[in-house]
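Structure first, then comments.
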Amino acid sequence: MPMPIPILPLLSLAGWLRVADPTYWATLLLAVALAASPLGVFLFHRAALLLDRIAQDQARSLIAVGLISLAICITTSLALDIPAPRLHDEFSQLLAADTYAHGRLANPVHPMATHFETIHVLQQHSYASKFPPGQGLVLAFGMVTVGLPIAGAWLAVAAACASLCWMLYAYVPARWALVGGLVAACQPQILTWGQCYLGGGLPLAAGAIVLGSARRLVDGPRLSHAFLFGLGLAILANSRPYEGALFSLPIAIGLVIGIIRADRPTRRAACVRLLLPCLVMLAIVLLAMGYYNRRVTGSALLSPYVLHESLYNRTPHFVFQSLRLPIVYQQKERAELHGRWEPSHWLRQRSFMGFASAASERLGVLLATWLDPPLLGALLVALPAVLRRSRPSRHVALVLLVLAAGLIPLTWPLKGHYLAPSGAAAFVLLVACMHHLHTVPSRRLWLRKALVRSVLAATVVAAYHQATVLYANEINGWQTFRVKIVRMLTKEPGQHLVIVRYLPGHDVHQEWVYNAADIDRSRIVWARRTDPAQDGELLDYYRGRLAWLLEVGQTIRLTAYPGR
């Protein structure tokens, strides 16, 4: 063994300390005991035989992984009663989805735009989301096909798990590639992306496509793999551009170095079969992105995200940049979020200790994202041996190191979906460690096999636990009040105008003023209260609607608008 057994709990300490539910621990210990028992050995042996039969056909394996992941996502969402958006990012992505579902790239600016100003949404030149179009297109697909935006998230996660399985076929034996895809379907973070609108499934799938196609291109340039490589880069550029660039850059450099070192005939074939298809694909994508930017911002070279940041955000993306000049905000909520809360993260990291603390927190998030559930981190006991024996694994580890280094100077705290592209590299290393522990001869082979079986059992338990956590967050979050108000007003006849007034004690991260793409045709219009003169113009504009006043602070109260 490369490392002694007593340090295994330390390797997965983050996962061990995150859960304080005694029921979870009881279930986990029961699952681990079952995995280590003779009955567990027998069950896992029978399962291995079944996996071997399925894994012989790669297409069948991908379909099986995708369908299992899709079934898990749908079952969890139905248990949650279809997740409701609660974060600024989710509402903005849903606006993009509604826009695309109606056949538009952007919406015209509304005459009453002052009342509809809200977080992460543009109201200048066009009414649109600030985010790249990738996740919006995924949610729009769910809206058009099934009538539910969350269906797009289900399909993205299912595609991500199938893509991970396809990628792993290039790194590990077929059985372990299938095991990796099934583990991904139960991984807590990936499961979460199937129950929200943030968009982790799409960049995870793109990362797996990039890494899997690059590994196959090393063995021999093929047009199909070059096309997939370019497609993966295009998806990353339109979903997680910065993290996708950090992830893709060392992979692309490795391919270019391989081409340069090859002999002349091989180099010529690689240029024709690899570089040319990728360049053509990227050229098409860049033209499409320029057209999209022009429709949303008026300039092909100005993305919606950059425009939004220039208008509202004074905090730089990197700690080594300077804080921009103060901005006068019309809404006190924007002033609180962009003027005080966001700069506080930058100011905190101006000292060495503050920067070191924030950097360690980001690395902790990266580890905790992919080393849950508890025991999963114990697989890293085999990582030194895997890196010694496998050059491809060393390249993948380098990709992770480059991405981690690029995350350190960021200003913002990390969220799980920021790290989605890194999941592809993380799964290569984790599955390679499982394969090594389970198959490489050793005096303690029985113990190592028991560890792998315990990890697989713990993953299933963690998936169930994560579903209960999502359910608790869904029924206890602030978004439940918004859902109740929507349902109540939907039962009332006519159309409605809800004017929101924020009181002291309101949480700036709980924003109510979000609307559909076509505001005037919406059954319920959410507007921000400003001053009496402008509110009078708004009421006159919507004179045919029932007007309500929603007061949000430490309590929430909905009443008929005074005078209406």
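Do we have any residue at all in region 402-414 that's touching a helix residue (DSSP H, G or I) at 6+ places or on another chain (Cβ under 9 Å) and within 19 Å of Val41 (Cβ to Cβ)?
Checking region 402-414: not a single residue is touching a helix residue (DSSP H, G or I) at 6+ places or on another chain (Cβ under 9 Å) and within 19 Å of Val41 (Cβ to Cβ).
May I ask you to list the residues in region 429-475 that are touching a Lys or Arg at 6+ places or on another chain (Cβ under 9 Å) and not in a helix (DSSP H, G or I)?
Within region 429-475, Val440, Ser442 qualify.
Give the residues of region 392-416 that are assigned to a helix (DSSP H, G or I) and modelled with pLDDT under 90, sorted by residue number. Break it down stepwise before answering.
Residues of region 392-416 assigned to a helix (DSSP H, G or I): 392-407, 416.
Residue satisfying the conditions is Gly416 alone.
Could you check how many residues of region 215-229 are touching a Leu at 6+ places or on another chain (Cβ under 6 Å) and modelled with pLDDT of 90 or more?
0
Condition check: modelled with pLDDT of 80 or more, of a type in the set (Gly, Ala, Ser), in contact with a helix residue (DSSP H, G or I) (Cβ under 9 Å, 6 or more places away or on another chain) and surrounded by fewer than 16 Cβ atoms within 10 Å (Cβ to Cβ). Does Ala55 satisfy that? So that I can check it myself, show each step before the final result.
Working: modelled with pLDDT of 80 or more: yes; of a type in the set (Gly, Ala, Ser): yes; in contact with a helix residue (DSSP H, G or I) (Cβ under 9 Å, 6 or more places away or on another chain): yes; surrounded by fewer than 16 Cβ atoms within 10 Å (Cβ to Cβ): no.
Against the criterion (modelled with pLDDT of 80 or more, of a type in the set (Gly, Ala, Ser), in contact with a helix residue (DSSP H, G or I) (Cβ under 9 Å, 6 or more places away or on another chain) and surrounded by fewer than 16 Cβ atoms within 10 Å (Cβ to Cβ)), Ala55 does not qualify.
Picking from Val179, Val157, which residue would you name as being touching a Phe, Trp or Tyr at 6+ places or on another chain (Cβ under 6 Å), buried (at least 23 other Cβ atoms within 10 Å of the Cβ) and touching a residue at least 40 places away in the same chain (Cβ under 8 Å)?
Val157
Kindly indicate whether any position in region 310-323 is part of a helix (DSSP H, G or I), closer than 23 Å to Phe116 by Cβ, among the hydrophobic types (A, V, I, L, M, F, W, C) and at pLDDT 90 or above.
yes
Just to verify a result, which residue in region 498-512, among those that are part of a loop (DSSP other than H, G, I, E, B) and surrounded by 14 or more Cβ atoms within 10 Å (Cβ to Cβ), is farthest from the chain's Cα centre (by Cα)?
The selected residue is His506.
Would you confirm whether any residue within region 156-169 is in the same structural domain as Leu231 (by TED's automatic domain parsing) and farther than 21 Å from Leu228 by Cα? Walk me through how you get there before you give the answer.
Of the residues in region 156-169, the ones in the same structural domain as Leu231 (by TED's automatic domain parsing) are 156-169.
Now restrict to residues that are farther than 21 Å from Leu228 by Cα: none.
Looking for residues that are in the same structural domain as Leu231 (by TED's automatic domain parsing) and farther than 21 Å from Leu228 by Cα, one finds none in region 156-169, hence no.
Run Val386 past the list (1) free of Cβ contacts under 8 Å to residues at least 60 places away in the same chain; (2) within 25 Å of the chain's Cα centre (by Cα); (3) in a helix (DSSP H, G or I) and report the number of the one that doesn't hold.
(2)
Hey, Ala424 hits all of (1) buried (at least 23 other Cβ atoms within 10 Å of the Cβ); (2) at pLDDT below 95; (3) within 20 Å of the chain's Cα centre (by Cα) but one; which does it fall short on?
Going through (1) buried (at least 23 other Cβ atoms within 10 Å of the Cβ); (2) at pLDDT below 95; (3) within 20 Å of the chain's Cα centre (by Cα) one by one, Ala424 breaks only (2).
Give the residue that is surrounded by the fewest Cβ atoms within 10 Å (Cβ to Cβ), with candidates limited to residues of region 144-154 that are part of a helix (DSSP H, G or I) and without any contact (Cβ under 8 Å) to a residue 12 or more places away in the chain.
In the first step, residues of region 144-154 are kept if they are part of a helix (DSSP H, G or I); the result is 144-145, 149-154.
Adding the requirement that they be without any contact (Cβ under 8 Å) to a residue 12 or more places away in the chain leaves 145, 151.
On the way: Thr145: 12, Ala151: 22.
Result: Thr145.
For region 239-247, does any single residue satisfy the condition of being free of Cβ contacts under 8 Å to residues at least 40 places away in the same chain, touching a helix residue (DSSP H, G or I) at 6+ places or on another chain (Cβ under 9 Å) and of a type in the set (Ser, Thr, Tyr)?
no
Just to verify a result, which residue in region 1-44, among those that are under 27 Å from the mean Cα position of the chain (by Cα), in a helix (DSSP H, G or I) and modelled with pLDDT of 50 or more, is surrounded by the fewest Cβ atoms within 10 Å (Cβ to Cβ)?
Top of the filtered list is Tyr24.
Please work out if Leu456 is over 22 Å from the mean Cα position of the chain (by Cα) and over 22 Å from Ala185 (Cβ atoms).
no
Quick one: which of Leu287, Leu301 is of a type outside the set (Ser, Thr, Tyr), without any contact (Cβ under 8 Å) to a residue 24 or more places away in the chain and outside any loop (DSSP other than H, G, I, E, B)? Don't jump to the end; show me each part of the working.
Working: Leu301 fails: outside any loop (DSSP other than H, G, I, E, B).
Only one candidate qualifies: Leu287.
The values are calculated or read from the model by the stated rules, or taken from the named source; none is laboratory data. The model shown is predicted, which means the values in this text are computed figures rather than measured ones. Because the Cβ atoms are built from the backbone with ideal geometry, glycine has one as well, and the counts that use them run over all protein chains shown.
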